[in-house]
1. State which entries of A:201/B:201; B:177/B:204; B:177/D:41 exceed 20 angstrom in Cα-Cα distance in the structure shown.
2. What does the charge add up to near residue A:284, with Lys and Arg as +1, Asp and Glu as -1, over the other residues with Cβ less than 9 Å from its Cβ?
3. What FRET efficiency comes out for the pair residue A:254/residue D:251, r = Cβ-Cβ distance, R0 = 51 Å, nearest 0.05?
4. Near the amide H of residue B:128, under 5 Å away, which other amide H atoms are found, from residues 5 or more places off or on another chain, if H is placed in the peptide plane?
5. As a footprinting exposure proxy, order B:101, D:175, D:43 by other Cβ within 10 Å, with the fewest listed first.
6. Over the whole of B:267-274, what's the average partner chain Cβ count within 10 Å per residue? Rounded to a whole number, please.
7. Between residue D:3 and residue D:120, take the C-beta separation as r, use R0 = 35 Å, and let me know the FRET efficiency to the nearest 0.05.
8. Taking a cut-off of 13 Å between Cα atoms, list the aspartates and glutamates near residue B:254, but don't count ones fewer than 8 places away on the same chain.
Number of protein chains: 4
Amino acid sequence: MVRVGIVGATGYAGAELVRILSGHPQVELSILTSRQFAGVKFDRVYPALAGCVNLTCEELDVETVCERAEIVFLALPHQLPMTLVPQFLERGVRVVDLSADFRFNDAAVYESAYQPHTARGLLDQAVYGLSEIYAEAIRSADLIGNPGCYPTSALLPLIPLVRENLLNPDTVVVDSKSGVSGAGRSLAITSHYCEANESFKAYKVASHRHNPEMNYILGRETGRPVELTFVPHLVPMSRGMLTTIYASLNRNLKEADIRSCLQNTYAKRAFIRLCPAGRVPDTLHVKGTNFCDIGLQLDHSNNRLIVISAIDNLVKGAAGQAVQNMNIMLGLDETSGLNPVPYPL
Amino acid sequence: MVRVGIVGATGYAGAELVRILSGHPQVELSILTSRQFAGVKFDRVYPALAGCVNLTCEELDVETVCERAEIVFLALPHQLPMTLVPQFLERGVRVVDLSADFRFNDAAVYESAYQPHTARGLLDQAVYGLSEIYAEAIRSADLIGNPGCYPTSALLPLIPLVRENLLNPDTVVVDSKSGVSGAGRSLAITSHYCEANESFKAYKVASHRHNPEMNYILGRETGRPVELTFVPHLVPMSRGMLTTIYASLNRNLKEADIRSCLQNTYAKRAFIRLCPAGRVPDTLHVKGTNFCDIGLQLDHSNNRLIVISAIDNLVKGAAGQAVQNMNIMLGLDETSGLNPVPYPL
Amino acid sequence: MVRVGIVGATGYAGAELVRILSGHPQVELSILTSRQFAGVKFDRVYPALAGCVNLTCEELDVETVCERAEIVFLALPHQLPMTLVPQFLERGVRVVDLSADFRFNDAAVYESAYQPHTARGLLDQAVYGLSEIYAEAIRSADLIGNPGCYPTSALLPLIPLVRENLLNPDTVVVDSKSGVSGAGRSLAITSHYCEANESFKAYKVASHRHNPEMNYILGRETGRPVELTFVPHLVPMSRGMLTTIYASLNRNLKEADIRSCLQNTYAKRAFIRLCPAGRVPDTLHVKGTNFCDIGLQLDHSNNRLIVISAIDNLVKGAAGQAVQNMNIMLGLDETSGLNPVPYPL
Amino acid sequence: MVRVGIVGATGYAGAELVRILSGHPQVELSILTSRQFAGVKFDRVYPALAGCVNLTCEELDVETVCERAEIVFLALPHQLPMTLVPQFLERGVRVVDLSADFRFNDAAVYESAYQPHTARGLLDQAVYGLSEIYAEAIRSADLIGNPGCYPTSALLPLIPLVRENLLNPDTVVVDSKSGVSGAGRSLAITSHYCEANESFKAYKVASHRHNPEMNYILGRETGRPVELTFVPHLVPMSRGMLTTIYASLNRNLKEADIRSCLQNTYAKRAFIRLCPAGRVPDTLHVKGTNFCDIGLQLDHSNNRLIVISAIDNLVKGAAGQAVQNMNIMLGLDETSGLNPVPYPL
């Protein structure tokens, strides 16, 4: 059993990590930290897990964490991890960081979207944890920058297509819709029940920090700058993310060509499900799972491709992919602990 | 008092017409027809209106309707109105038809999206009832083809912009999200509570019949064929429609230029609210109202415009706009009966 | 036009007062105060009302309010009104207080549930504003203690029955279910979207402060102490309150006897709708209205009566009833400003 | 591996059985039948399970089922199972029936609530499958009448209390609230999204068929007729059931006495979680699980006990308890296949 710890265990992504890891057959969940709930039993914060998780939240103390864990998940707001990661790595503890701090190898890009980076020296060794795409590099990494939820939903369908040069990156529009859990457990008026219920709205239009993240990764893949347009929206539901992507094709292609490209890339990947023609992804079908469902359709009238992906923002968009990355890092089956049968509704 | 009738009063759009017209100060709601509920008091079908509406639903009989009403609303599935409208017009009764049957002056376009048209002779005199845009023609019309909900939400922001040639119609992507009431009162698995709740999905991707409707109207406005891409989605909420529109600008424009164009067009129109910079439309803010809220944002990185509109699909997207058209036809204030103060939540 | 003011205009009850009063034909809404949003235009806090309400929120200054308003609504947390009400009354301004401060004529009862009362001298003249029951006293009152939402939903059906001694008050169980707006606009984890959505739970079991309020009023009506059992629950919806009441009948009565009693009491009251046999109240049918729908059923197997009421907690349960009380105080039709046609859904 | 079959696999209870059994470590799910979807792959009906369940629905043929399964679950409307069960038992196949057909040993009681019973001869050997209470009898049973969802939620807390004669059965009121999935997958206007959303209502007031089921079981336990009052309500959420029970205590007891009684009964039962004092059950905490959370509170003012239970209506209220019963029948750990870690939200 590998001993693992979670730093920041009581936010929604942290709690989802607790759920997955406490049911993981090759892992012992050995320490949970939480600033807000230090000293409180985890199941008092999340009573759903009463009888299933017996740990008590602790104040973060790096030494203690390193004594008890061989690998640690950081589920913290950005800017904190960059101060912690060096301490964990020095002590030989591998890190999966769910914040943005280690998603960019280029500090300048990070800094233009966030703030000064104080651990630039580690950026080179950090691996972007888009599991299906970068499994090779993840395997030997000590530090994973776990992707943002929106980038995960957009990049999984886009990367195979841009790698084969099927579409024009300059024409890409990413219209994403997220359940409210994406805004986290911190109280805010936009997550207040009566403001979110029966409400559908965009936010951070063309100014969300996941936009540079997508641009950066796609730019690296295509070898030239990408400036896609990204608009996130908030859906009155707890979990789930649907991303509708529009792009002009580079040449006259058939829907089958696009489908083949994705099929070839993902044929052996357990968590990618390509919808048969005529079926579209639905967040309900991936709720609580690590699946990414992908559907596609050609708009023949203007040779524009529409690709749609659905994920659970807290699982494949955060904690699930983080555990998938841990599995890869540890040489385990990548699905380990991540394959409870999905709920039919 | 003008006597008005509603044919098809027990569907959601019909019931919304009942609500608005029974509170309209210059109108007497004199007859309701319903195939399914003939003989049943309207407030047994919609108990919310008990004590407010005392009519009993009747079988449709054109003669009876024409005796009792000077103007009639048809809230029926397409294909039925084309058989009824000639009978109403012959008897001197003006018609606002909420179906698609009289939205196209060109029968061929209608027939390519629907089925053969049996009242082609009336298409020339039918006026597309996008109230703010075509008020002049509506005023003297005897037959209104009331716009679809999606086209209303997309055309109100788009027409002023294409009229001034600010954007490239070939680049237009319309990503719309609708509450479940858009699917109507007829039972269907997609409107079954447990299938729609906690679910977000696209449907009729690039194949919805409102797509040719938008193309047709925009084509007429620009004088050349338009083939925009349109994807509708279903949101787990009862009412509301948000449409996010993406388009490349024709030249280097500032956000203020776009804003001016819309401001100039809609400055005096009571139902169009332009959101100040930094605010985005939210379906919650237009729920139950005839407002169309419009917000906009330039993606400077790629000179792409993002325009967002919010309407209540049953009001501005159907019954409200129909009554607004009736007001215009009757020479009344266009807001008459349509301005209850909105709910704060 | 009567000039009215709202103190605490940006909470949910306050905002609902703004909605109703700004559409009220005999009223001019002349001043809004808000501690949190002083200096901010009201429609920036509630954008739904953009173009409909043009007031800017102000700091509370009693003199200013009294110059501009003849009657004032207090939509504040309890304990604040008892310091303000004396100042308003001294200056000849009548008050409808939506808090609990003036609901009890007996300071000891108030103090056992809340905290010391600092305006005991006014309790005698305060009238409990359950409009349909105490209209006579409300008419000439200068100070109304507007009922709590739960007591409104329970007392409207119960008072006529206990007045005729039809049921045994010792057996009364009140099981209430409220939409989340009842918890107000203040941020709290129980109103956080992901905690309230897909969740149904009780809270303050047999310890809610509305329990002594019901006991007190029923005790006054019956002339002896009443100790009913009350459990409130939270429903994942924005608005609405359903209250299911259980009580043993005092003697062998038929359902028709109970029905007659309620019918006789409420026959001429515009806002009470008695459901015909076989129909049950539904919060959806009263959403956004000042109606209280009441249904009843006898459990013949054990001679227990079940009465069910539905209200909109923010309207009949708060702002609507407050305006109804103002109408009565001013000698207006009690429905004035309160009768927009309800939405069918 | 025990081979099991599901008859009626595409309703909501059936689909939930598919989910649980296809992840059960000691079971091979070998046959699914569905009248409506015969010939269709199960994952086309429930795309969430794509890649997880590979079976195709078949027409029901008893011989085929008996060849392929040693134990069979019937998830059918009542009245059908009574014709099928004899055929299965004759062929040596054990049955867990989720309908009401075999919940009553007394045909007269069944027939007064349902319709004539055509397999009366089997009623004696049928065991009521309330797992925690009747485990002994379940172990050796060939035929289980799986309890209704409402009775499960009420009887689990009530039976220990009436067995110790702590409360007066004549005073019991059961006020239950269920998510919409309880109404099943069949289309109906009450399950239509816009009718159920933002709506809370009672239904079948004091006339639901689960009322006689509770009366019958409690009567058997107490040895005298019980006529409790039961009112079910519909909550706008997919899954979950909260039941609030009111009853007068038989003598002056403390909350601790009641708590001890339940604690003693359920101390070793994995699926019953007694909430510590001050905490109340929440359907969100049991969603997707086989747990029954129980909380209690004394209303000291009138010596009335309030007990609240929360279950997932599709799991502990149907499919989960059915599998728990199968586990007991097969001598497996009763939690087998039923203990995925719960979701924190």
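1. On the way: A:201/B:201 16 Å; B:177/B:204 12 Å; B:177/D:41 30 Å.
Violating the 20 Å Cα-Cα cut-off are B:177/D:41.
2. Numbers: positive: A:287, B:201; negative: A:282, B:195, B:198.
That sum, taken over residues with Cβ under 9 Å, equals -1.
3. 0.05
4. The answer is B:145.
5. Values: B:101 28, D:175 25, D:43 20.
With the sparsest Cβ surroundings first, the list reads D:43, D:175, B:101.
6. On the way: counts 0, 0, 0, 1, 1, 1, 5, 1.
That works out to 1 on average.
7. Working: r = 30 Å, r/R0 = 0.86.
Result of the calculation: an efficiency of 0.70.
8. B:299
We did not get these values from a lab; they are worked out from the coordinates using the rules stated. Note that the structure is predicted; figures quoted are calculated from it, not measured. Quick reminder, even Gly has a Cβ in these numbers, built from the backbone with ideal geometry, and neighbours come from all protein chains shown.
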